[in-house]
Amino acid sequence: MSVRLPSNRPAERFYRGGARITEFRGEPAAASHEPEDWIASTTTVFGEPETGLSRLPDGVLLRDAIAKDPTGWLGERHVARWGDDTRLLVKLLDAGQRLPVHAHPHDDFAARHLGRAHGKAEAWYILEGGTVHVGLTRDVSTDELAALVAAQDTDALLTLLHEIEVVPGDVVWVPPGELHAIGEGVLLLELQQPEDLSILLEWRGFEIDGAAAGHLGLGFPTALGAVRTSARSREEIGDLVGAAPASGSALPADADEYFLLERVSVTGAAHLAAGFAVLLVTDGALQLGGEQLDRGATVLIPASDGSLLLTGHGEALVARPPRP
């Protein structure tokens, strides 16, 4: 049966935030550095044995429950292709300060250098707007990036990126390797591949030793090889950032191989297709299986539930793994 999930916020992250998640979910105040809610997570914080993993109401780790019954949770077709790998991590992220300029590796790089099953493509659905920085405004060399990293020239790094104002209902597609930074005050729902792999190009002013932790243990000469160094035109940025349709698929088609996001507007009733999914109520009051779901509620839906009926008046986002 579908499972209502509480917040799952790893403590003492290296940047400030969390108050907007608290308000959005209607929860008690959190600490100053709990800016991420890892929803239905089978992924750990990089280098940690359990931090980041979600637990079900009975205390069992979701990761272990899926391993015990992968077909029930993920469906036959999914399991036939990918086994018990969910292929998905969903987060709420509250940028209490601007995040550093960084990038994530693609699948081939992560497999070759880190022995990981995935890289880290990601996409954002904007819940509260502000400024984001995505994609290079001009071509650069890896040597130039390395010099800026060594000097911790944060102004120069940020100037290299397109600066874009986003509003609620916008989506941002961030392919692997793409340099990006989220501006202060932005609250978003993030879909990503289920890894915690970040290459930090700046860390001055953040509570992290980027010189030691910013290169995934590979050294910057190797890690920077995962970063896209070619420019994005304004037209290309328009393909990465834009308003989501009022209903239906919310992300660009290029994201489909990694994950899916549906925007569901409910006026009376709406059908949810069968399959493993994470549902987030963004507005109004909805009901699923007789349970009241208000703004900020998150629900984990196993494939074994089949198709479901969402009733009431409001809006929800439904995140899913890619189609097998």
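Got a number for residues in region 276-324 being on the phi > 0 side of the Ramachandran plot and out of contact with any helix residue (DSSP H, G or I) (no Cβ under 6 Å at 6 or more places or on another chain)?
6
Can you run down the residue pairs with Cβ atoms below 8 Å, 6 or more apart or on separate chains, where the first is in region 150-161 and more than 15 Å from F206 (Cα to Cα) and among the polar types (S, T, N, Q) and the partner is buried (at least 18 other Cβ atoms within 10 Å of the Cβ) and at pLDDT 95 or above?
none
When you look at Q193, is it buried (at least 18 other Cβ atoms within 10 Å of the Cβ) and over 13 Å from I126 (Cα atoms), yes or no?
yes
With the condition being modelled with pLDDT of 95 or more and within 21 Å of Y15 (Cβ to Cβ), I'd like the strands (runs of 3 or more DSSP E) fully within region 182-286 carrying at least 2 qualifying residues.
Output list reads 187-192.
Output the number of the condition that A65 fails; it satisfies all remaining conditions of (1) touching a residue at least 40 places away in the same chain (Cβ under 8 Å); (2) closer than 30 Å to A274 by Cβ; (3) among the small types (G, A, S).
Unmet for A65, out of (1) touching a residue at least 40 places away in the same chain (Cβ under 8 Å); (2) closer than 30 Å to A274 by Cβ; (3) among the small types (G, A, S): (1).
Would you point out which residue out of R234, R263 is surrounded by 20 or more Cβ atoms within 10 Å (Cβ to Cβ) and either farther than 26 Å from G314 by Cα or not assigned by TED's automatic domain parsing to the domain that holds T86 (or both)?
Just a single option satisfies the conditions, and that option is R263.
Only one of I182, I199, I126 is in contact (Cβ under 8 Å) with a residue 60 or more places away in the chain and within 24 Å of A277 (Cβ to Cβ); which?
Only one candidate passes the filter, namely I126.
Go through region 15-60 and count every residue that is hydroxyl-bearing (S, T, Y) and either farther than 28 Å from G205 by Cβ or touching an Asp or Glu at 6+ places or on another chain (Cβ under 9 Å) (or both). Steps first, please.
From region 15-60, those hydroxyl-bearing (S, T, Y) are 15, 22, 32, 41-44, 51, 54; that's our starting set.
Remaining after also requiring either farther than 28 Å from G205 by Cβ or touching an Asp or Glu at 6+ places or on another chain (Cβ under 9 Å) (or both): 15, 22, 42-44, 54.
Total satisfying the criteria: 6.
Within 23 Å of P176 (Cβ to Cβ), touching a strand residue (DSSP E or B) at 6+ places or on another chain (Cβ under 9 Å) and β-branched (V, I, T), is that true of I39?
yes
Out of H113, H102, report the one residue that is surrounded by fewer than 23 Cβ atoms within 10 Å (Cβ to Cβ), in contact with a His (Cβ under 9 Å, 6 or more places away or on another chain) and within 26 Å of P322 (Cα to Cα).
H102
Condition first: of a type in the set (A, V, I, L, M, F, W, C), crowded, with 17+ Cβ neighbours inside 10 Å and closer than 18 Å to E257 by Cβ. Now tell me which residues in region 77-96 satisfy that.
L88, L89, V90
Could you please give the count of residues in region 1-50 that are among the aromatic types (F, W, Y) and assigned to a loop (DSSP other than H, G, I, E, B)? Don't jump to the end; show me each part of the working.
Going through region 1-50, the residues among the aromatic types (F, W, Y) turn out to be 14-15, 24, 38, 46.
Still in the running and assigned to a loop (DSSP other than H, G, I, E, B): 14-15, 46.
So the count comes out to 3.
Among the residues of region 287-324, how many are more than 21 Å from S7 (Cβ to Cβ), in a strand (DSSP E or B) and of a type in the set (S, T, Y)?
Residues in region 287-324 being more than 21 Å from S7 (Cβ to Cβ), in a strand (DSSP E or B) and of a type in the set (S, T, Y): 1 in total.
What tally of residues in region 19-43 results from selecting those that are in contact (Cβ under 8 Å) with a residue 12 or more places away in the chain and either out of contact with any helix residue (DSSP H, G or I) (no Cβ under 9 Å at 6 or more places or on another chain) or of a type outside the set (S, T, Y) (or both)?
Count: 17.
Yes or no: region 158-167 includes at least one residue that is under 27 Å from L280 (Cα atoms) and within 14 Å of the chain's Cα centre (by Cα).
no
The values are calculated or read from the model by the stated rules, or taken from the named source; none is laboratory data. Predicted model, so just to flag it, every value in this text is computed and none were measured. All Cβ positions, glycine included, derive from the backbone under ideal geometry; neighbour counts span all protein chains shown.
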